[in-house]
Amino acid sequence: MRILVTGVSGFLGSVCAELLIERPATSITALRSATRPWRLSRRIAEVVTPDDLSPQALKVLLNPIAPTHILHCGALSSVELCERDPALASRWNWRFTDMLARFASDSGAHLTTVSTDLVFDGTKAPKGGLTEEAPAAPLSEYARSKYAAEQTTLSLSRSAVVRVSLLYGHSSSPSAGVLGWMERSLKERARLPLFEDEFRTPIHVRDAATALLEVVTKEARGIWHCGGPERLSRVEFGIEVATSLGHDASLITKASRLGHTVAPARPEDVSLSSKKLSLFLGREALSVREALTKYARL
């Protein structure tokens with residue numbers, strides 16, 4: 001197995017790379033831009049892409065590697081930046097995915113693209129969460145560019161899209177993620193206002209990365225939802241974090257997303273049903289409390 005991973009300097013991609021290093025029979029190559037220096041292990045080869053990358057230039061870079069599998073974690077993930085610059089969002093979230101899809105189509109590689117629960121507008125989440133068959137209705141430029149990337153990926157016969165919910169935990173990337181800034185605030189004993197009317201299905205980054213790698217190695221096809229087993233508001237999530245890590249949960253205060261006047265509008269409920277993935281893997285993701293306890297040493 002020769003796997004190409006994008007986004008290795010990101011929160012999720014870095015953990016995927018760490019887990020791949022533990023597989024000695026796997027050849028790993030990281031595809032990254034020149035502006036994102038990164039080095040995790042000598043076991044991972046690197047291919048650096050120029051800013052003016054074209055489909056033909058990408059083919060020239062990747063043909064010598066001949067990856068059998070592509071795990072596409074890379075994205076412009078800042079919702080605010082994507083909203084300010086839709087062209088940039090389209091370039092990195094859709095057009096770059098399209099280049100990878102063209103290469104995969106020509107080379108026969110299996111392509112797995114990471115997407116987001118934000119492709120839904122959050123207004124009609126049923127009890128038990130949104131399934132893979134629920135119609136997408138993206139509200140933001142970020143979500144629209146990711147949904148376009150989904151369609152490009154699914155145009156291939158050998159491909160999968162994995163929609164990941166709110167990620168938390170720790171990684172070797174520069175990003176501290178949602179858990180990092182919450183921990184920092186709680187350690188400083190500062191008030192921590194969190195939304196009581198915004199719901200997700202949080203999943204620990206190591207559980208998500210483990211599930212992703214199984215989707216890749218088993219060459220799954222189609223759309224898969226990857227979230228945790230609990231539908232939690234931001235407040236409820238914060239309380240779980242504080243309680244699990246021994247912080248003062250009374251520092252968490254309730255706020256409303258409706259009073260958060262920014263564009264684009266924040267979806268109310270994009271909680272996912274991950275039953276399809278759980279059946280495929282033969283296990284369910286850990287709850288927030290279980291995951292924070294299990295991975296505390298990491």
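Consider the stretch 154-174 and keep the residues that are surrounded by fewer than 23 Cβ atoms within 10 Å (Cβ to Cβ) and at pLDDT below 95. The one that is farthest from E219 (Cα to Cα) is P174. The residue of the stretch 82-125 that is farthest from T6 (Cα to Cα), among those that are touching a residue at least 60 places away in the same chain (Cβ under 8 Å) and surrounded by fewer than 19 Cβ atoms within 10 Å (Cβ to Cβ), is T123.
When H247 is tested against (1) assigned to a loop (DSSP other than H, G, I, E, B); (2) in contact with a strand residue (DSSP E or B) (Cβ under 7 Å, 6 or more places away or on another chain), just one condition goes unmet, and that condition is (2). For the stretch 55-67, a residue qualifies if it is outside any helix (DSSP H, G or I), out of contact with any Leu (no Cβ under 8 Å at 6 or more places or on another chain) and either buried (at least 16 other Cβ atoms within 10 Å of the Cβ) or aliphatic (A, V, I, L, M) (or both), and exactly one does: A66. Any residue at all in the stretch 237-247 that is in contact with a Pro (Cβ under 9 Å, 6 or more places away or on another chain), over 30 Å from M1 (Cβ atoms) and charged (D, E, K, R)? Among the residues of the stretch 237-247, at least one is in contact with a Pro (Cβ under 9 Å, 6 or more places away or on another chain), over 30 Å from M1 (Cβ atoms) and charged (D, E, K, R), which makes the answer yes. The residues listed here are A211, A291, A249; of these, the one that is farther than 28 Å from S140 by Cα, touching a helix residue (DSSP H, G or I) at 6+ places or on another chain (Cβ under 7 Å), surrounded by 20 or more Cβ atoms within 10 Å (Cβ to Cβ) and not acidic (D, E) is A291.
Only a single item in (1) among the acidic types (D, E); (2) without any contact (Cβ under 8 Å) to a residue 60 or more places away in the chain; (3) within 22 Å of A190 (Cβ to Cβ) is not met by E290, and it is number (3).
If you check S14 against the conditions, is it among the small types (G, A, S), surrounded by fewer than 17 Cβ atoms within 10 Å (Cβ to Cβ), under 18 Å from the mean Cα position of the chain (by Cα) and modelled with pLDDT under 95? It is false that S14 is among the small types (G, A, S), surrounded by fewer than 17 Cβ atoms within 10 Å (Cβ to Cβ), under 18 Å from the mean Cα position of the chain (by Cα) and modelled with pLDDT under 95. Scan the stretch 203-218 and tell me whether some residue there is at pLDDT 95 or above, in contact with a strand residue (DSSP E or B) (Cβ under 9 Å, 6 or more places away or on another chain), in a loop (DSSP other than H, G, I, E, B) and not small (G, A, S). Scanning the stretch 203-218, I find no residue that is at pLDDT 95 or above, in contact with a strand residue (DSSP E or B) (Cβ under 9 Å, 6 or more places away or on another chain), in a loop (DSSP other than H, G, I, E, B) and not small (G, A, S), so the answer is no. Checked against the criterion of being in contact with a strand residue (DSSP E or B) (Cβ under 7 Å, 6 or more places away or on another chain), farther than 28 Å from R297 by Cα, crowded, with 23+ Cβ neighbours inside 10 Å and at pLDDT 95 or above, the stretch 253-270 contains one or more residues that satisfy it.
Does the stretch 222-237 contain any residue that is assigned to a helix (DSSP H, G or I), within 19 Å of the chain's Cα centre (by Cα) and surrounded by 23 or more Cβ atoms within 10 Å (Cβ to Cβ)? Yes.
The values are calculated or read from the model by the stated rules, or taken from the named source; none is laboratory data. Everything numeric in this text was worked out from a predicted model, so none of it was measured. We place every Cβ from the backbone using ideal geometry, glycine too, and count neighbours over all the protein chains shown.
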